[in-house]
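Q: Here it is: the structure, laid out below.
The values are calculated or read from the model by the stated rules, or taken from the named source; none is laboratory data. Source: prediction; values computed, not measured. Reconstructed Cβ throughout: ideal geometry from the backbone, glycine too, with neighbour counts over all protein chains shown.
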Amino acid sequence: MYIKLIRNQPKGNALTGRLVINGHWFCDTLERVGYQIPALCYHVAVTMSPKFKRRLPIVQNVPRLPIANSQSPIAYRSGIRFHRGTKPEHSTGCVLVPADKECLLTYKIVKAQEAHEEIILEVTDFRPGTEYGYNTPCPPELQKP
């Protein structure tokens, strides 16, 4: 399973984006500026969240920023998840998704885990030419021909 988080340009403390699964738009996202995870590739799994008391997708091996020089060991953040939320303040590093998409995202990742698929998340920061509105249902480059 290939998940891509495509971020928009930050507005205040809000960082909106869109989540694309296997090339298809899935939902809009929200993060908190200053707490967002670095734009890298990660593995994702579903585990029980002690904080939320339910199974949620977790982003693995998220480095703390700033990453020191290459001679220093990399420190990692833990507990970075996909969960529901409507305001940037609902996140201290997690990727927020609409409430109605949280269960479906968890289900899709669980099914991929059960099929022993590798689940990759690619996070990309804002690039010119990707300025789509927060409520855009499906950006043109993601529409099927």
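Q: Would you call Val59 hydrophobic (A, V, I, L, M, F, W, C), surrounded by 14 or more Cβ atoms within 10 Å (Cβ to Cβ) and modelled with pLDDT of 95 or more?
A: When the stated conditions are applied, Val59 passes them.
Q: Further question on the same structure: Any residue in segment 38-48 that is surrounded by fewer than 18 Cβ atoms within 10 Å (Cβ to Cβ) and closer than 16 Å to Arg84 by Cα?
A: There is at least one residue in segment 38-48 that is surrounded by fewer than 18 Cβ atoms within 10 Å (Cβ to Cβ) and closer than 16 Å to Arg84 by Cα.
Q: Please verify whether segment 20-29 includes one or more residues that are out of contact with any Ser or Thr (no Cβ under 6 Å at 6 or more places or on another chain), part of a strand (DSSP E or B) and either among the acidic types (Asp, Glu) or exposed (fewer than 12 other Cβ atoms within 10 Å of the Cβ) (or both).
A: yes
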